[in-house]
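To start, the structure under review is shown below, and the notes come after it.
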Amino acid sequence: MIDDKDAVGQSPVRDDWVPKAAYLDPAFAKLEADRMWAKVWQIACREEELPKVGSFVTVDVAEESFLIVRSDEGRLLAFHNVCQHRGRRLVDEVAGRALQFTCGFHAWQYNLDGTNRRVPDLEDWGGKLDLCDLGLKPLKLDTWGGFIFVNMDLDAAPLSEFLGKAGEMLGPFEFEHMRYRWYKSARMNVNWKVAIEAFDEGYHVQGTHPQALQIMDDPTLSVAHGPHAMFYQPAIPSRGVGQPSARTNLPPTDDVRPGLVRYVEEFEADLKGLFCDRHPAATKRLMTEVDPGVSYFEALGAMVGFWRDAALEAGAGWPANLTAEHVGAAGTDWHVFPNFVTLMTPDSAICYRVRPDGVNPESCFFDMWALQRYAPGGEPPLERQFFDYWRDHDDWGQVYCQDFGNMESVHKGMKSRGFEGSRTSPKQELPISNLHRAIYDYLQK
């Protein structure tokens, strides 16, 4: 436990060890809020959520609330979502459109550019209140891949520098041309790191999702890139997707086509994300247009080519500079520090963002976004679904129910006097230890 929040000390994190205080200690959660969340670039929303002048979105992170708005000039701006009069949260709605923002307490008003518009009974202050000094406090804002990032530290390094290798490897997937397929959020009774770490590694597949071993092999390796990290399936010894895992003791199939079709169909039916809704039908072309004797990698190439055909036929476009070599090098899963994970295909992605619920180390908000490319204007209307408890929703699918159940059991189990810390795999779970190492870097500043 951290007894002195001003004396963090040297990081105890190793590639194979993360102490449990980082998940359970209220003082640690408060330090994260003060020294990490207040200084780091983080995703607030996506650009398509702000289509018109006056469109706004609010997002809560730890003890802060942010207001992102498309201003009168059409610029994107971000502010602390708090009235400068008595500290009331200025905007209560999650999203909407406004001509100006009016505080619900004493009706102070603000323009879309954050300047103060009106103070009722201004004369009460006897000329000592200058409206020019009463604007909303700004945040630093930048965009990448259609995502709007904000930072409370106005002196922070540029977003491009922060993203580094993650931006370089994910950029060619053209997230900016994807749109929401669906958007779900739920409160989880776990620490935010427990939640995000459930999607940081593939090592858990054989224990959590045994049904998936019939249609995919699961060996993975992981790599850290500064504060960010990723994992991938190595060509050897992995049999790849569409094949039974070696753990099942089943032999690999000579004809790889049916397994690929089944893999895409089953995961699309269960997740309704990661793959796009065009992929199952496109993948079935393997059975009629590809020879049964093709190699695994030839079948993969043909499958992605059929996805491309389907995307272009639908008018959705296709990434201009995304090569097969780059798709392979980008791997399976990226954790963009601190709280964003994505798994992507050339024309779709599943994204997870986790936000601490105040400074309560035992609660967080888990946001899930399925993205895909659509023809311009062809995307479905955005509906944000929120569940105060994840079990209030009955359409997560089998895989996510397995993951969410594990999260709760992990958080509860960590409280045991018989548990001191996580023994993370230095090969398969490096994104987890790397996350904690990066957090300690912020806490020591």
Self-check item: Residue check, Asn116 outside the structural domain of Ala229 (by TED's automatic domain parsing), farther than 18 Å from Ala349 by Cα, of a type in the set (S, T, N, Q) and in contact (Cβ under 8 Å) with a residue 40 or more places away in the chain
Solution: no
Exercise. Specify the residue that is farthest from Leu435 (Cα to Cα); the eligible residues are those in segment 198-221 that are in contact with a Phe, Trp or Tyr (Cβ under 7 Å, 6 or more places away or on another chain) and of a type outside the set (Phe, Trp, Tyr).
Key: Ile215
Exercise. With the condition kept exactly as written, say whether any residue in segment 297-308 is in a helix (DSSP H, G or I), outside the structural domain of Pro376 (by TED's automatic domain parsing), in contact (Cβ under 8 Å) with a residue 40 or more places away in the chain and closer than 23 Å to Trp369 by Cα.
Key: yes
Quiz item: Can Val8 be described as among the β-branched types (Val, Ile, Thr) and modelled with pLDDT of 95 or more?
Solution: no
Quiz item: Can you tell me which residues in segment 349-390 are within 15 Å of the chain's Cα centre (by Cα) and aromatic (Phe, Trp, Tyr)?
Solution: Tyr352, Phe365, Phe366, Trp369
Quiz item: Does at least one position in segment 336-356 carry a residue that is farther than 28 Å from Gly207 by Cα, in contact with a strand residue (DSSP E or B) (Cβ under 9 Å, 6 or more places away or on another chain) and assigned to a loop (DSSP other than H, G, I, E, B)?
Solution: yes
Practice problem: Check Pro51, Pro26, Pro19 and return the single one that is surrounded by 15 or more Cβ atoms within 10 Å (Cβ to Cβ), more than 26 Å from Leu154 (Cβ to Cβ) and either among the small types (Gly, Ala, Ser) or out of contact with any helix residue (DSSP H, G or I) (no Cβ under 8 Å at 6 or more places or on another chain) (or both). | Solution: Pro19
Quiz item: Any idea which residue in segment 11-43 is modelled with the lowest pLDDT, counting only those that are over 18 Å from Phe66 (Cα atoms) and in a loop (DSSP other than H, G, I, E, B)?
Solution: Ser11
Exercise. For residues that are more than 18 Å from Phe340 (Cα to Cα) and in a strand (DSSP E or B), scanning just segment 113-160, find the one that is nearest to the chain's Cα centre (by Cα).
Key: Lys140
Exercise. Determine if segment 302-317 includes at least one residue that is surrounded by 15 or more Cβ atoms within 10 Å (Cβ to Cβ) and under 30 Å from Gln42 (Cα atoms).
Key: yes
Quiz prompt | Test set (1) over 30 Å from Gly226 (Cβ atoms); (2) more than 21 Å from the chain's Cα centre (by Cα) - Asn321 fails condition number | solution = (1)
Practice problem: Tell me, please, whether a residue that is in the same structural domain as Lys52 (by TED's automatic domain parsing) and under 30 Å from Trp396 (Cα atoms) can be found in segment 149-159. | Solution: yes
Self-check item: Members of segment 262-272 that are over 11 Å from Gly397 (Cα atoms), of a type outside the set (Ser, Thr, Tyr) and buried (at least 19 other Cβ atoms within 10 Å of the Cβ)
Solution: Val264
Quiz item: Within segment 411-434, is even one residue closer than 22 Å to Ala38 by Cβ and either out of contact with any Gly (no Cβ under 8 Å at 6 or more places or on another chain) or not in a loop (DSSP other than H, G, I, E, B) (or both)?
Solution: yes
Self-check item: Residue selected from segment 56-97 under the condition farther than 18 Å from Arg118 by Cα and at pLDDT below 95, by the criterion nearest to the chain's Cα centre (by Cα)
Solution: Gly74
Self-check item: Identity of the residue in segment 123-149, loosely packed, with under 12 Cβ neighbours inside 10 Å and of a type outside the set (Asp, Glu), that ends up nearest to Gln372 (Cα to Cα)
Solution: Cys132
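The values are calculated or read from the model by the stated rules, or taken from the named source; none is laboratory data. Note that the coordinates shown come from a computational prediction; the quantities given were computed from them, not determined experimentally. Methodologically, a virtual Cβ is constructed for each residue, glycine included, from the backbone with ideal geometry; neighbour enumeration extends over all protein chains shown.
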